[in-house]
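A short worksheet on the structure shown next.
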Amino acid sequence: MTATHPAGSAALEALYQEQILAHYRHPHGKGTLAAADATVTTRNPLCGEEATVTVTLDRTGPDVRVRDIRFTSDGCSISQASASMMTDLARGRTATEIAALTDRFADLLRGDAAATHDETLGPLQAFATLSRVPARIPCALLAWKALADALRPQ
């Protein structure tokens, strides 16, 4: 028999916290790209955190896609874990797809009940509890803002 955990349960929150800490301790995509097509740094003036995102782009198809992505950050566990997950989710996607994913992630962070069950968010669902701590939402979105700026047409 498999146990199920209702949204917001202590067991589910503990699982989510562990996922965030795992990405913080062993981040994916941390570093820089030597031959980046774009490099953007964003800062959170409220806490002083910053994140830098570097991307290489694949321009061979009808839509520009993220070929590779890396980040550096001096931020908290929330901002670094979010950036780590972002590198996994953004690779291979178009700017339009990434914008939609970012918007849905922001919905989740604001407490949208439907977003908490949206499987397209994948590991980002671990941040669902941040809706109860609005001051941390900019931390979770810091690298995503840098990525959005990096993907804007020049």
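Here are the numbers for the structure shown:
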{"item": "J(HN,Hα) series, segment 52-58, from Karplus relation 6.51 cos²θ - 1.76 cosθ + 1.60, nearest Hz, glycine and proline x", "result": "10, 10, 10, 9, 10, 10, 9"}
{"item": "Gaussian network model of the chain, Cα within-10 Å springs - most flexible of Thr42, Thr94, Thr60", "result": "Thr60"}
{"item": "Tilt relative to the chain, helix 10-25 - C-alpha long axis, 0 to 90 degrees, to 10", "result": "30"}
{"item": "Exposure proxy ranking, count of Cβ atoms within 10 Å, fewest first, for Thr41, Thr54", "result": "Thr41, Thr54"}
{"item": "FRET efficiency, 1/(1 + (r/R0)^6) with R0 22 Å, evaluated for Gln17 and Asp112 via beta carbons", "result": "0.60"}
{"item": "Alpha-carbon Rg with Dmax, taken over segment 13-79, Å", "result": "14.5, 43"}
{"item": "Shape category assigned to segment 96-144 from the gyration tensor of Cα positions, a/c cut at 1.5", "result": "oblate"}
{"item": "Per-residue Cβ neighbour rank within 10 angstrom, fewest leading, Thr87, Thr102", "result": "Thr102, Thr87"}
{"item": "Spin-label model distance (nm) - Cys47 vs Ala35, 7 Å beyond Cα toward Cβ", "result": "3.6"}
{"item": "In degrees, nearest ten, helix 137-151 long axis to first principal axis of the chain (Cα)", "result": "20"}
{"item": "C-alpha long axis of helix 77-90 to longest principal axis of the chain, angle in °", "result": "60"}
{"item": "Calculated from backbone phi, Karplus (6.51, -1.76, 1.60) coupling profile of segment 109-119 in Hz, x at Gly/Pro", "result": "5, 7, x, 4, 4, 5, 5, 5, 10, 7, 5"}
{"item": "Residues with amide H under 5 Å from that of Asp37, placed H, sequence gap 5 or more", "result": "Val55, Thr56, Leu57"}
{"item": "Rg over Rh [alpha-carbon atoms, Kirkwood Rh] for segment 10-151", "result": "0.96"}
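Laboratory data are not the source of any read-out in this text; all were calculated from the coordinates shown. Being a predicted model, the structure only gives us computed values, none of them experimental. Every residue, glycine among them, receives a Cβ derived from its backbone with ideal geometry; neighbour counts consider all protein chains shown.
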